[in-house]
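To start, the structure under review is shown below, and the notes come after it.
The values are calculated or read from the model by the stated rules, or taken from the named source; none is laboratory data. Quantities reported herein were computed from a predicted structural model and do not represent experimental measurements. Ideal geometry is used to build each Cβ from the backbone, glycine not excepted, and the neighbour counts take in all protein chains shown. Just so you know, the surface numbers come from the protein's heavy atoms only, side chains and all, with ligands and any DNA or RNA stripped out. Shrake-Rupley method; radii C 1.70, N 1.55, O 1.52, S 1.80 Å.
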Amino acid sequence: MDGGSARTNTLVSARGVSKTYTAANRQPVLALSDVDLDVAQGEIVALIGPSGCGKSTLLRMIAGLDNDYDGELSWTRAPRPGKDIGFVFQEPALLPWRTVERNVSMGLEAQRDRSAEGKARVRNLLELVGLTEFARSFPKELSGGMRQRAAIARALAYDPQILLMDEPFGALDAITRDRLHDDLLRIWEQTHKTIVLVTHSVEEATYLADRVAVMSARPGRIKAVHQVPLDRDRTPEARRLPQFAEFSGMLRQELQ
Ligand SMILES: Nc1ncnc2c1ncn2[C@@H]1O[C@H](COP(=O)(O)OP(=O)(O)OP(=O)(O)O)[C@@H](O)[C@H]1O
Ligand SMILES: [Mg+2]
């Protein structure tokens, strides 16, 4: 399947995106080469590929954190700077001196939003990620999974149009990871956010995504984009379906 073909409801598309890093005193590194990808409104796209193939690079470009590239990234509805893009890093970058609640409300504070609506949004988000009881706790008092849930709530606080997640569950144990997968699916059901998720795990990509973009080793290219053959309503039983094993096996093979 062609990841670059026009889709209905496209939110953001990359066309011929290439990126060369030039580190001081070193050879230029072609990190991304001619990437075409469309992401539709409300869909979950997983980006999967070997280490160093440019997944984080591509995500940072979509986030507007790196504007130094060739090719084109275009939006159907241009994101408002600092508002429309939620970013979740691999390590939850929470501020240790702020409570969970005040980490989640950071962006609203930066925008001097002290409205009752803003406060209600923070409360709702804490409830959505199951951290209401821990609103007044500090990050060091939370488990790794809880910290990651707080980071997801923080990324959702501005009500962004797209959520970009860079291996958000990579550092977690398998049980916590599975639980967070279901949390993310529940959040998606309630918000229908567009999500681009970078992952190393074929099972994670299969369980969460509508489509999976497989990248090749450096220079990163999109090798193929596959529709996941599962219903959108996913429960843990989906992991035991034959098409789950078949699809993740196919992804694994394509990554080799
Ligand atoms: N700031 C930088 N300066 C120079 N080279 C860089 C820089 N950032 C990334 N690179 C190079 O670009 C390539 C892609 O890096 P990137 O971090 O996007 O890969 P990745 O797919 O996210 O890898 P991983 O799965 O290990 O996180 C790598 O070869 C890396 O060495
Ligand atoms: Mg990375």
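Conditions first: (1) open to solvent by 70 Å² or more (accessible area, probe 1.4 Å); (2) under 26 Å from I62 (Cα atoms); (3) at pLDDT 85 or above. G145 passes all but one, so which condition is the exception?
That leaves (1) as the condition not met.
Any residue at all in the stretch 77-93 that is touching a Phe, Trp or Tyr at 6+ places or on another chain (Cβ under 8 Å), touching a residue at least 24 places away in the same chain (Cβ under 8 Å) and more than 30 Å from D38 (Cα to Cα)?
Step one: of the stretch 77-93, the residues touching a Phe, Trp or Tyr at 6+ places or on another chain (Cβ under 8 Å) are 82-84, 86.
Pick out the ones that are also touching a residue at least 24 places away in the same chain (Cβ under 8 Å) and you get 82-84, 86.
Now narrow it down to the ones that are more than 30 Å from D38 (Cα to Cα): none.
No, the stretch 77-93 has no match at all.
Please work out which residue is least open to solvent (accessible area, probe 1.4 Å), limiting yourself to the stretch 184-201 and to residues that are within 16 Å of ligand 1 (Cβ to nearest atom) and assigned to a loop (DSSP other than H, G, I, E, B). Walk me through how you get there before you give the answer.
Restricting attention to the stretch 184-201, the residues satisfying the condition of being within 16 Å of ligand 1 (Cβ to nearest atom) are 196-201.
Narrowing further to those that are assigned to a loop (DSSP other than H, G, I, E, B): 200-201.
Numbers: H200: 100, S201: 32 Å².
That would be S201.
Examine the stretch 137-154 for a residue that is within 16 Å of ligand 1 (Cβ to nearest atom) and under 30 Å from V29 (Cβ atoms), and state whether such a residue exists.
Kept after step one, since they are within 16 Å of ligand 1 (Cβ to nearest atom), are these residues of the stretch 137-154: none.
Taking every residue of the stretch 137-154 in turn, none turns out to be within 16 Å of ligand 1 (Cβ to nearest atom) and under 30 Å from V29 (Cβ atoms).
What tally of residues in the stretch 17-36 results from selecting those that are open to solvent by less than 20 Å² (accessible area, probe 1.4 Å) and of a type outside the set (A, V, I, L, M)? Working first, answer last.
Quick first cut of the stretch 17-36, residues open to solvent by less than 20 Å² (accessible area, probe 1.4 Å) only: 17, 19, 31-33, 35.
Applying the additional criterion that residues be of a type outside the set (A, V, I, L, M) yields 19, 33.
Residues meeting the conditions: 2.
Can you say whether D34 is within 16 Å of ligand 2 (Cβ to nearest atom) and either in contact (Cβ under 8 Å) with a residue 40 or more places away in the chain or in a strand (DSSP E or B) (or both), as far as the supplied structure shows? Talk me through it step by step, then tell me what you get.
On the way: within 16 Å of ligand 2 (Cβ to nearest atom): no; either in contact (Cβ under 8 Å) with a residue 40 or more places away in the chain or in a strand (DSSP E or B) (or both): yes.
Answer is no for this residue.
Anything in the stretch 3-22 that is more than 21 Å from the chain's Cα centre (by Cα) and at pLDDT below 60? List them, or say none.
Residues satisfying the conditions are S5, A6.
I'd like to check which helices (runs of 4 or more DSSP H) are fully inside the stretch 53-165 and have at least 2 residues that are closer than 30 Å to K19 by Cβ. Outline the logic, then answer.
On the way: elements: 55-62, 100-104, 106-110, 116-128, 144-156.
Counting at least 2 such residues, we get 55-62, 106-110, 144-156.
Got at least one residue in the stretch 102-113 being farther than 26 Å from M146 by Cβ and either surrounded by 15 or more Cβ atoms within 10 Å (Cβ to Cβ) or more than 16 Å from ligand 1 (Cβ to nearest atom) (or both)? Before the answer, list the steps.
Of the stretch 102-113, the ones farther than 26 Å from M146 by Cβ are 112.
Still in the list and also either surrounded by 15 or more Cβ atoms within 10 Å (Cβ to Cβ) or more than 16 Å from ligand 1 (Cβ to nearest atom) (or both): 112.
The answer is yes; a qualifying residue exists.
Going through G52, G71, G130 one at a time, which residue ends up being at positive phi and either at pLDDT 95 or above or touching a Phe, Trp or Tyr at 6+ places or on another chain (Cβ under 6 Å) (or both)?
Values: G52 fails: either at pLDDT 95 or above or touching a Phe, Trp or Tyr at 6+ places or on another chain (Cβ under 6 Å) (or both); G130 fails: either at pLDDT 95 or above or touching a Phe, Trp or Tyr at 6+ places or on another chain (Cβ under 6 Å) (or both).
Step by step, each of G52, G71, G130 is checked, and only G71 is at positive phi and either at pLDDT 95 or above or touching a Phe, Trp or Tyr at 6+ places or on another chain (Cβ under 6 Å) (or both).
Is there any pair with a first residue in the stretch 159-182 that is more than 16 Å from ligand 1 (Cβ to nearest atom) and a second that is assigned to a loop (DSSP other than H, G, I, E, B) whose Cβ atoms are under 6 Å apart and which are 6 or more apart or on different chains, and what are they?
P160/D84; Q161/D84; L163/K193; R177/F169; L180/F169
Is the stretch 54-70 home to any residue that is more than 17 Å from the chain's Cα centre (by Cα), of a type in the set (S, T, Y) and within 16 Å of ligand 1 (Cβ to nearest atom)? Break it down into steps so the answer makes sense when it comes.
Within the stretch 54-70, the subset more than 17 Å from the chain's Cα centre (by Cα) is 67-70.
Narrowing further to those that are of a type in the set (S, T, Y): 69.
Filter once more, so that each one left must be within 16 Å of ligand 1 (Cβ to nearest atom): 69.
Yes, the stretch 54-70 contains a residue that is more than 17 Å from the chain's Cα centre (by Cα), of a type in the set (S, T, Y) and within 16 Å of ligand 1 (Cβ to nearest atom).
Working only within the stretch 37-65, note down all residues that are under 24 Å from D159 (Cβ atoms), within 16 Å of ligand 2 (Cβ to nearest atom) and either open to solvent by 40 Å² or more (accessible area, probe 1.4 Å) or of a type in the set (D, E, K, R) (or both).
Result: R60, L65.
Pull up the stretch 202-237, narrow it to residues that are assigned to a helix (DSSP H, G or I) and farther than 12 Å from L185 by Cβ, then point me to the one that is most open to solvent (accessible area, probe 1.4 Å). Give the derivation first.
We begin by selecting, within the stretch 202-237, every residue assigned to a helix (DSSP H, G or I); these are 202-208, 236-237.
Still in the list and also farther than 12 Å from L185 by Cβ: 202-203, 205-206, 237.
On the way: V202: 8, E203: 74, A205: 0, T206: 0, E237: 101 Å².
Filtering first and then ranking leaves E237.
Considering only residues that are under 18 Å from the mean Cα position of the chain (by Cα) and among the β-branched types (V, I, T), look in the stretch 76-101 and name the one that is most open to solvent (accessible area, probe 1.4 Å).
Looking at the filtered set, the residue picked out is I85.
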